[in-house]
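The values are calculated or read from the model by the stated rules, or taken from the named source; none is laboratory data. Bear in mind that the values here come from a model prediction, so they are computed numbers and not experimental data. Backbone-built Cβ (ideal geometry, glycine too); neighbour counts: all protein chains shown. Areas reflect the complete protein model, heavy atoms only, side chains present, ligands, DNA and RNA absent. Shrake-Rupley method; radii C 1.70, N 1.55, O 1.52, S 1.80 Å.
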Amino acid sequence: QKSLNRIDTFPGCIMTDPRESSYQDHELEASDLSGIGFAVITLSDTRTHADDKSGKLIQELLQEAGHQTVFYELVPDDPERIQVALEAALASKNVKVVVTNGGTGISARDSAIESIESYFDKRLDGFGELFRSLSYEEIGAAAMVSRATAGTIGRRVVFCLPGSSNAVRLGMTKLILPQAAHLVQELWKDVEP
């Protein structure tokens, strides 16, 4: 339990020092943010809209958490097509978070990470580190092959997940959904309402 830095302004009234802040305080404030607009981009040379299980799973998890999918696209793992889709998602004023799935491996066709990271203003290295650590618990050393990553582009946060449904569920439930509101709040806190 964090000790309070007391400021006794009025008798019987305990206040915390406004200069003292913690991640728990930020998360509590961010918990009021619901209905965040997400973009979902599936990167695959073989999937179609009909069999995009991972893209559909992301959207289902977002809906269950009270958020909205305001942009969805399925594009081949091609650098130019990826960049066009990313720019279209970022052009929507309602999109605050982008989640991609697919293209994070090491094959010659896996170009998503290079295409998307070139747009990052700031990298969230902890996301990839935590994702691979959690993946290791499930699939062992094969987790090192995943190049899952995240970063910010302007006031948007972008997460890049592998294409498997198990990886998508792990990343969404353990990392993205628990922190999305907090990250959005941090990126927009200095903007006048």
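At a glance:
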| read-out | value |
| --- | --- |
| Selected residue (criterion: farthest from SER44 (Cα to Cα)) from residues of the range 97-128 that are of a type in the set (Ser, Thr, Tyr) and surrounded by 15 or more Cβ atoms within 10 Å (Cβ to Cβ) | TYR119 |
| Which numbered condition ALA141 misses (of (1) open to solvent by less than 60 Å² (accessible area, probe 1.4 Å); (2) of a type in the set (A, V, I, L, M); (3) over 21 Å from LEU90 (Cα atoms)) | (1) |
| Which numbered condition THR152 misses (of (1) open to solvent by less than 20 Å² (accessible area, probe 1.4 Å); (2) touching a residue at least 60 places away in the same chain (Cβ under 8 Å); (3) β-branched (Val, Ile, Thr)) | (2) |
| Subset tally (residues that are within 17 Å of ALA112 (Cβ to Cβ) and either open to solvent by less than 60 Å² (accessible area, probe 1.4 Å) or part of a strand (DSSP E or B) (or both)) for the range 84-96 | 5 |
| Members of the range 43-72 found to be in a helix (DSSP H, G or I) and either over 19 Å from GLN179 (Cα atoms) or in contact with an Asp or Glu (Cβ under 9 Å, 6 or more places away or on another chain) (or both), listed by number | LYS53, SER54, GLY55, LYS56 |
| Pair list, Cβ under 6 Å, 6 or more apart: the range 115-129 residue among the aliphatic types (A, V, I, L, M), other residue surrounded by 14 or more Cβ atoms within 10 Å (Cβ to Cβ) | ILE116/CYS160; LEU124/ALA150; LEU124/GLY151 |
| Filter result for the condition that a residue is at pLDDT 95 or above and under 16 Å from the mean Cα position of the chain (by Cα), over LEU61, LEU74 | LEU61 |
| All positions within the range 57-74 that are crowded, with 18+ Cβ neighbours inside 10 Å and charged (D, E, K, R) | GLU73 |
| Odd one out for LYS189 among (1) on the phi < 0 side of the Ramachandran plot; (2) open to solvent by less than 60 Å² (accessible area, probe 1.4 Å) | (2) |
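So that you can scan it fast, the table gives a plain yes or no per residue for (1) in contact with a Phe, Trp or Tyr (Cβ under 9 Å, 6 or more places away or on another chain); (2) small (Gly, Ala, Ser):
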{"site": "GLN59", "(1), (2)": "yes, no"}
{"site": "ASN94", "(1), (2)": "yes, no"}
{"site": "SER118", "(1), (2)": "no, yes"}
{"site": "ASP125", "(1), (2)": "no, no"}
{"site": "GLY128", "(1), (2)": "no, yes"}
{"site": "TYR136", "(1), (2)": "no, no"}
{"site": "ALA143", "(1), (2)": "yes, yes"}
